[in-house]
Amino acid sequence: MDVMISALTQRTGSTLVQRIFNCRKNTLIWGEHGGIVSEFLRIADLASYFSKHSKDEKRDFFRNGNDPNLWTGNMTPDEPFIEAAVVEAIKTMFNHMYIQYRDKHDRIGFKEVRYGKRELMLLRKCFPGAAIILLVRNPIDIWRSETAYWSGDAEAFGQIWNERAKQYRELEGEMPNTSLIRYEDIVGRNEQTLQLLSELALVSLDELHRVLSVQLNSTRSFRPQEEIDKIMRLCKEGMAIYQYE
């Protein structure tokens, strides 16, 4: 993987950034894949649980010359081996999954809208040289754009948005080759933001502006004030970080 575009929720602008990258003919940024890295984290957590709880079994078994008469029913390799296996599994899956059209493109990547800090840190271990773009957007505008993903549950949405908003700020400072961008600064054509995107996507500002001039799948609906108030309360901390009022 060369590029990973991660939005903190749906309707945050990941497709717009994907389109900007894809206006370079030798770049291919694929769409969402359903948040499958989270499944690998669950696998790692399950295997690690057995590893932690079988420490005594492993110690006694190997200390006693691989004695077959000792209980070893839960014996599982140490956690570093589990982590290494998960990293290799993700690398193998992505490298094979995204091999289609690889011969015609020198930059390959994807965009996703379901990842928090753990998933992104795991992906960084898998692809240390990849550029990661983190996208945030005002939660009120997201909620007015679409609620189907959260079944109208403003509280669930607000909790997810606020948690990931804080995580993304942390990741910006912790992970190399990671850029944090506000959706509002893209569509508002903030000069500094567009220059950064131009450099990241290897496209000219003219090409970038041409993409911005075409609006696709834009939606906006009325939402009850009590839902807006709930989101503002739940997202207060994250909104302050990004200067959303």
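The values are calculated or read from the model by the stated rules, or taken from the named source; none is laboratory data. It should be emphasised that the depicted structure is a prediction, and the values quoted were computed from it without experimental measurement. Cβ atoms come from the backbone with ideal geometry, glycine included; neighbour counts cover every protein chain shown. Surface accessibility is based on the protein's heavy atoms, side chains included, excluding ligands, DNA and RNA. Shrake-Rupley method; radii C 1.70, N 1.55, O 1.52, S 1.80 Å.
Figures for the structure shown
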read-out	value
Residue identified as touching a Gly at 6+ places or on another chain (Cβ under 9 Å) and under 27 Å from residue 132 (Cβ atoms) among 29, 43, 90	29
Options 128, 68, 77; residue that is more than 30 Å from residue 169 (Cβ to Cβ), at pLDDT 95 or above and assigned to a loop (DSSP other than H, G, I, E, B)	77
Qualifying residue in region 85-107 (condition: open to solvent by less than 10 Å² (accessible area, probe 1.4 Å) and farther than 22 Å from residue 237 by Cα)	yes
Number of the condition not met by residue 134 [criteria: (1) over 14 Å from residue 8 (Cβ atoms); (2) within 18 Å of the chain's Cα centre (by Cα)]	(1)
Per-region count, region 59-78, residues surrounded by 14 or more Cβ atoms within 10 Å (Cβ to Cβ) and out of contact with any Phe, Trp or Tyr (no Cβ under 7 Å at 6 or more places or on another chain)	3
Filtered residue count, region 1-47, keeping only those that are buried (at least 21 other Cβ atoms within 10 Å of the Cβ), in a loop (DSSP other than H, G, I, E, B) and small (Gly, Ala, Ser)	1
Flag if residue 159 is over 14 Å from residue 133 (Cα atoms), loosely packed, with under 15 Cβ neighbours inside 10 Å and free of Cβ contacts under 8 Å to residues at least 24 places away in the same chain	no
Number of positions in region 5-45 that are aliphatic (A, V, I, L, M) and within 24 Å of residue 209 (Cβ to Cβ)	7
Residue in region 194-216 that is in contact with an Asp or Glu (Cβ under 8 Å, 6 or more places away or on another chain), at pLDDT 95 or above, among the basic types (Lys, Arg) and farther than 15 Å from residue 133 by Cβ present	no
